[in-house]
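Report on the structure given below.
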Amino acid sequence: MAKKPVPAPSPLTFDLPVSLLNKIEAQRKKLGLGSTSEVVRHALGEFNLSKFEADTEERRQISVRLAAADKATLVKAAKKQKVSLGEILRAAIDALPDKKAPEKKAPEKKTAVKKSKK
């Protein structure tokens with residue numbers, strides 16, 4: 001009975017912060033590995049996938065309307081900072097204060113003060 005051929009490795013593209021790229025390079029040198037792919041394969045081999053729990057919140061996609069000038073300013077800032085529009089929007093929303101809305105007080109009742117006769 002012929003064995004099924006093992007599929008060739010296929011590319012997987014994802015983004016990482018520079019700090020993790022630096023860690024990959026340090027591990028590559030430390031472990032004597034020849035490539036980034038080898039480090040990632042090593043990391044996956046050492047990682048317990050069954051105990052993995054994502055630390056990110058559930059997300060929902062929303063759509064908002066912005067004035068053309070505001071959107072242009074946002075696009076320019078994103079390009080300058082080399083980040084996505086979403087990253088700036090999330091930071092702006094996150095920067096809002098966490099204060100509760102002020103409670104509405106019931107109008108004070110005026111009580112008549114009776115003058116005592118002397």
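The values are calculated or read from the model by the stated rules, or taken from the named source; none is laboratory data. Small disclaimer: the values here were computed from a predicted structure and weren't measured. Cβ atoms come from the backbone with ideal geometry, glycine included; neighbour counts cover every protein chain shown.
Key figures for this structure:
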{"quantity": "Residue pairs meeting the criteria (Cβ under 7 Å; at least 6 apart or on separate chains; first within 24 Å of residue 24 (Cβ to Cβ), in the range 40-65; second in a loop (DSSP other than H, G, I, E, B))", "calculated": "42/33"}
{"quantity": "Test: residue in the range 68-81 that is loosely packed, with under 10 Cβ neighbours inside 10 Å, modelled with pLDDT of 95 or more and within 23 Å of the chain's Cα centre (by Cα)", "calculated": "yes"}
{"quantity": "Qualifying residue in the range 26-40 (condition: part of a helix (DSSP H, G or I), touching a Leu at 6+ places or on another chain (Cβ under 8 Å) and under 29 Å from residue 87 (Cβ atoms))", "calculated": "yes"}
{"quantity": "Test for residue 43: is it not hydroxyl-bearing (Ser, Thr, Tyr) and not assigned by TED's automatic domain parsing to the domain that holds residue 89", "calculated": "yes"}
{"quantity": "Matching residues in the range 1-22 - criterion: being hydroxyl-bearing (Ser, Thr, Tyr) and assigned to a helix (DSSP H, G or I)", "calculated": "19"}
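A quick yes/no check of all residues on (1) at pLDDT 95 or above; (2) within 25 Å of the chain's Cα centre (by Cα):
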site: 27; (1), (2): yes, no
site: 30; (1), (2): yes, no
site: 55; (1), (2): no, yes
site: 60; (1), (2): no, yes
site: 64; (1), (2): no, yes
site: 93; (1), (2): no, yes
site: 101; (1), (2): no, no
site: 108; (1), (2): no, no
site: 115; (1), (2): no, no
